[in-house]
Amino acid sequence: MSEFEIKQRVQDSLKAFSHEPVYPAALSLFRSLGYQSQKQLQLSPNTAENFLSQFDQAGRIKPEQAQIREWQSVDFLFQLTGDEIQASAKNLSLFESNKKVNNQLIQSYLFFAIRLKNSYYNRSDLAAITRAVNRIFPMPVLILFVHGPTLTLSIINRRLHKWDESKDVLEKVTLIKDIQFSKPHRAHIEILYDLSSEALQQKYPLTSFVDLHNAWQKTLDSSELNKSFYQKVANWYFWACNEVKFPRDAGKDKKTRNAVSLIRLITRLIFVWFVKEKGLIPEDLFDQRKVAELLKGFGQKESVYYKAILQNLFFATLNTEMNSPQKPDSRRFRSRTNQPRGRDQHYMVHNLYRYRDYFKDPSRALEFFSTVPFLNGGLFECLDSFDEENPEKVVRIDGFSDRPDNEIDVPDYLFFSDEKTVDLNEVYGTRNKRYKVRGLINIFESYKFTINENTPIEEEIALDPELLGRVFENLLASYNPETESTARKQTGSFYTPREIVNYMVDESLIAYLKTKLESALPAAANAEDRLRHLLAYNDQPHQFTPAEVDILINAIDNVKILDPACGSGAFPMGILHKLVFILAKLDPGNQRWKAKQIAKAAEIPDATVRERVIEDIEQAFGKNELDYGRKLYLIENCIYGVDIQPIAGQIAKLRCFISLVVD
């Protein structure tokens with residue numbers, strides 16, 4: 001069967017979930033991927049209670065961790081063993097093998113489908129259910145969650161041949177999350193195809209269960225996804241360097257200013273894409289057909305899209321307060337009333353829209369931008385300014401100007417164009433090789449993005465905000481404005497791998513918290529061992545007394561963490577997520593953490609300010625997810641970063657914003 005036919009069958013199978021019961025629809029989906037077996041056991045009734053009576057008579061599942069109350073139905077689909085895999089590899093009938101389910105055969109997968117009551121569940125909820133179900137079986141369990149109009153595929157990595165309750169055999173949970181029934185994202189179809197038996201057999205020898213298990217883990221490795229995305233963006237970047245024109249003030253020579261300006265553009269646009277993932281920026285601004293309806297002359301060689309859409313989005317929208325009763329005209333087009341010396345009254349005022357003449361209907365354009373939030377993180381600040389030494393002189397870096405003499409030129413085809421081949425041999429040091437490129441928006445559209453940062457124990461097969469740092473620092477390292485060569489040695493630009501960050505975070509926190517514990521309670525026993533247990537990603541209860549918990553929470557509240565070369569925020573984000581994890585264990589309901597924040601606010605001398613701050617604290621904890629209040633006050637009071645590259649610090653700040661948006 002061809003790749004196109006498999007993808008079409010997958011899409012047809014997904015649509016079936018909107019009108020068929022889960023059991024036949026799920027079997028059809030896995031059949032379209034090449035996975036089927038007659039080792040089946042149909043649960044009747046397919047309730048959570050019957051599931052527990054069949055598979056968990058010992059009561060090992062904790063109902064609150066498995067969120068049993070959220071289960072609307074549960075179906076056992078089939079068991080996939082080495083018999084089926086060998087039959088598939090030999091193109092034999094999959095129904096020749098033993099039909100009986102073997103509940104003790106470790107080298108196999110169990111496939112379940114669980115319909116949940118609500119439409120949306122976060123990654124941690126689904127990962128927790130996956131872990132809870134896996135605890136009652138000696139083999140890995142793959143779960144297909146159906147929730148609202150979407151489904152999520154959840155797979156756990158387990159150490160094979162090591163069923164031992166004393167060891168943590170349940171490793172990372174990987175999720176393909178929120179796949180739409182009716183209109184699945186193109187990236188989700190690609191990922192499902194890559195998991196199909198046909199696609200895997202083209203890459204790996206599949207002769208046993210172990211082969212399949214390893215092939216799935218390699219296919220679901222998010223680092224491979226990041227590499228693929230970065231390579232496509234890097235190809236685009238090196239291609240675009242020869243296609244664009246930026247203001248002369250942006251660099252002493254053409255190569256310098258194009259390289260630096262494009263890195264800034266890519267970084268801004270990737271961040272926008274993550275904010276869009278949360279629904280805070282309209283999809284229509286990146287839809288080629290909708291953009292053509294909005295703009296005059298779009299699609300020609302002139303840089304209409306970059307100027308009218310992206311520059312207005314960056315500078316006059318994301319860097320400008322939203323309209324409000326107090327400021328009803330915050331977001332509007334600049335006026336053109338001339339002042340002395342021929343300058344209009346809004347000359348160099350960059351929080352007002354420009355390029356009115358590019359829009360077919362300017363008022364409609366304002367509607368598109370009106371709901372986009374204000375982000376004063378610095379990344380979207382226009383860098384055009386007056387010269388400090390000569391106020392009469394204007395320094396153009398971004399070129400946000402609709403004057404006829406504006407030098408900037410970023411053609412529309414750089415954002416929207418089909419795949420083509422270009423010559424990048426000089427850049428990569430190769431010979432006679434052809435490199436493929438396409439429009440930057442087209443590249444972004446072919447990947448799934450998520451605003452949840454992945455952790456060592458759960459990850460979504462999508463591009464997470466860590467990508468911002470990887471792309472920025474790798475591109476920064478690829479070019480030295482002075483020598484026009486690799487800049488990594490000169491700038492020190494390195495993106496610290498997540499595994500190294502995790503180690504640094506754990507060791508520094510253990511050293512700090514151990515000191516605080518032992519100084520307050522000299523008799524505290526096994527402090528380091530218990531701290532390592534606390535920091536380990538598991539759902540086991542912590543091992544500290546109430547008095548020790550107070551000491552630890554107080555220590556966290558007073559900690560000052562500085563990364564003196566923070567880059568785009570790898571270490572600050574790593575330590576933020578670990579501290580949030582610790583607080584959730586020590587103070588599940590946030591009572592102690594909230595009390596700490598209110599106690600600090602109560603010391604503010606000004607009564608009006610004090611009342612307003614306490615009200616803000618109440619809202620932060622009362623109107624958001626539990627992690628929001630933890631993150632907000634850790635970011636505000638505990639975590640600091642410095643970097644020689646100003647844009648790096650801006651990215652780190654905005655990654656904190658994304659982290660808050662999640663909750």
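Computed from the coordinates by the stated procedures, all read-outs in this text should not be read as laboratory data. Quick caveat, the model's predicted, so the values are computed rather than measured. Here Cβ is always computed from backbone atoms with ideal geometry, including for glycine, and neighbour counts include all displayed protein chains.
Taking the Cα centre of the chain as origin, work out the dipole magnitude from +1 charges on Lys and Arg Cβ and -1 charges on Asp and Glu Cβ, in debye rounded to 20. Could you put the intermediate results ahead of the total?
Details: 86 positive and 88 negative charges, 180 e Å.
Charge dipole of the chain: 860 debye, to the nearest 20.
Checking the cross-link filter: which aspartates and glutamates have an alpha carbon closer than 14 Å to that of K436, excluding same-chain neighbours under 8 positions apart? Candidates past the 8-residue exclusion: D418, E419, D423. Does the stretch 365-430 come out rounded, prolate or oblate, given a ≥ b ≥ c as the square roots of the eigenvalues of its C-alpha gyration tensor, rounded meaning a/c under 1.5 and, failing that, prolate meaning a/b above b/c? Note, shape of the stretch 365-430 comes out oblate.
Among the lysines, which have Cα under 28 Å from the Cα of K327 when same-chain residues fewer than 8 positions away are ignored? Correct list for K327: K276, K278, K307, K360, K623, K653. Taking other C-beta atoms within 10 Å as the exposure proxy, D412, D211 rank D211, D412 from fewest upward.
Which order do peptides 565-577, 130-142 fall in by mean Cβ count within 10 Å, highest first?
Numbers: 565-577: 23.6, 130-142: 20.6.
Peptide ranking by packing, descending: 565-577, 130-142.
Modelled this way, with points 7 Å down the Cα-to-C-beta line, the labels at M322 and D56 are 4.1 nm from one another.
Among 419-431, 551-563, sorting by the average number of other beta carbon atoms lying within 10 angstrom of each residue, highest first, gives 551-563, 419-431. By the count of other C-beta atoms within 10 Å, a proxy for reagent exposure, F359, F374 are ordered fewest to most as F374, F359. Using alpha-carbon positions, what is the distance between the centroids of the stretch 434-474 and the stretch 358-410, in Å? Between the Cα centres of the stretch 434-474 and the stretch 358-410 lies a distance of 27 Å.
How big is the shadow of the Cα convex hull of the stretch 226-420, averaged over all directions, in nm²? List each step's numbers first, then the result.
Working: hull surface 49.8 nm².
Average projection, Cα convex hull of the stretch 226-420: 12.5 nm².
The shape of the stretch 494-644 comes out oblate: with a ≥ b ≥ c from the C-alpha gyration tensor, a/c is at least 1.5 while a/b does not beat b/c. A Förster radius of 51 Å combined with the Cβ-Cβ distance from E190 to K245 puts the calculated FRET efficiency at roughly 0.90. K436 sits among other residues whose Cβ lies under 12 Å from its own Cβ, and their net charge, with Lys and Arg +1 and Asp and Glu -1, is +2. Placing pseudo-labels 7 Å out from each Cα toward the beta carbon at Y428 and N558 gives an inter-label distance of 5.6 nm.
Mean separation of Cα pairs under 8 Å and 6 or more residues apart, divided by the residue count, gives the chain a relative contact order of 10 percent.
How big is D for the chain, in µm² s⁻¹ as a whole number, if Stokes-Einstein is applied with the Kirkwood radius of its Cα pairs at 37 °C and 0.692 mPa s? Don't skip to the end; give the middle numbers.
Values: Rh = 27.8 Å.
Roughly 118 µm²/s, to the nearest whole number.
According to the calculation over all Cα-Cα pairs in the stretch 1-70, the P(r) per 10 Å bin from zero is 17, 33, 32, 15, 3 %.
Neighbour counts of C-beta atoms inside 10 Å place V260, V210 in the sequence V210, V260, starting with the fewest.
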